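The values are calculated or read from the model by the stated rules, or taken from the named source; none is laboratory data. Since the structure is predicted, the reported quantities are computational estimates derived from the model, not experimental observations. Neighbour counts are summed over all protein chains in view; Cβ atoms, including those assigned to glycine, are modelled from backbone coordinates with ideal geometry.
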Amino acid sequence: MKLSLVFAALVCVTVAAGAWAVWAEYTSFPPHFRGFGEVTRGGEVAGWAVDASRPGARVEVELYVDGRFVAHGLAALPRPDVLAAGRAADPACGYRFPLPALAAGPHEARVYALHVTAKPELRTLRQLGEPLRFETNAEGHVTTFAP
């Protein structure tokens with residue numbers, strides 16, 4: 001009898017801890033951000049970002065290149081192609097960041113949606129799409145792209 005009570009208590013504690021962990025993950029890193037980005041031949045990272053839970057809201061985005069913060073902005077540029085594809089409720093969901101001066105060689109850019117919780121204020125990043133791999137030449141121009 002005592003052993004079964006201990007076992008039941010352990011099961012309850014485990015279930016409660018698991019539920020808390022799932023709640024913390026969902027509220028800190030919400031799964032409803034969607035987006036896409038690409039490195040352009042003009043030396044920019046451009047794409048779109050939407051928050052599926054708030055279709056008309058603008059998404060704050062951040063660019064990191066080779067693991068270093070580069071830029072912060074709002075995805076508010078016109079992207080009628082995203083609207084036409086049914087990926088957004090508002091065509092103003094695009095972003096564009098110029099790449100910084102980079103040494104020749106391979107690089108990786110990542111774009112993140114910034115999520116801010118209400119109370120207590122917690123800021124987290126959710127990566128949009130896949131890492132963007134590219135190379136630059138000695139003059140700093142983008143020369144190759146990796147899928």
**Matching entry among Ala88, Ala57, Ala76, Ala71 (being at pLDDT 95 or above and more than 17 Å from Val39 (Cβ to Cβ))** = Ala76
**Request:** Kindly provide the set of residues from the range 93-103 that are buried (at least 17 other Cβ atoms within 10 Å of the Cβ) and out of contact with any strand residue (DSSP E or B) (no Cβ under 6 Å at 6 or more places or on another chain), ordered by number.
**Result:** Leu99
**Asked** Checking Gly140 against (1) touching a strand residue (DSSP E or B) at 6+ places or on another chain (Cβ under 8 Å); (2) touching a residue at least 60 places away in the same chain (Cβ under 8 Å); (3) not aliphatic (A, V, I, L, M), which test does it fail?
**Response** (1)
**Asked** Out of Pro120, Pro106, Pro147, which single residue is at pLDDT 95 or above, loosely packed, with under 14 Cβ neighbours inside 10 Å and not hydroxyl-bearing (Ser, Thr, Tyr)?
**Response** Pro106
**Item:** Checking Ala89 against (1) crowded, with 19+ Cβ neighbours inside 10 Å; (2) touching a helix residue (DSSP H, G or I) at 6+ places or on another chain (Cβ under 9 Å); (3) not basic (Lys, Arg), the condition it does not meet
**Value:** (1)
**Message:** Quick test for you: out of Arg34, Arg68, pick the one residue that is within 12 Å of Val111 (Cα to Cα), exposed (fewer than 13 other Cβ atoms within 10 Å of the Cβ), charged (D, E, K, R) and out of contact with any helix residue (DSSP H, G or I) (no Cβ under 9 Å at 6 or more places or on another chain).
**Reply:** Arg68
**Request:** Residue by residue through the range 81-96, note down the ones that are farther than 15 Å from Arg58 by Cβ, part of a helix (DSSP H, G or I) and of a type in the set (A, V, I, L, M, F, W, C).
**Result:** Ala84
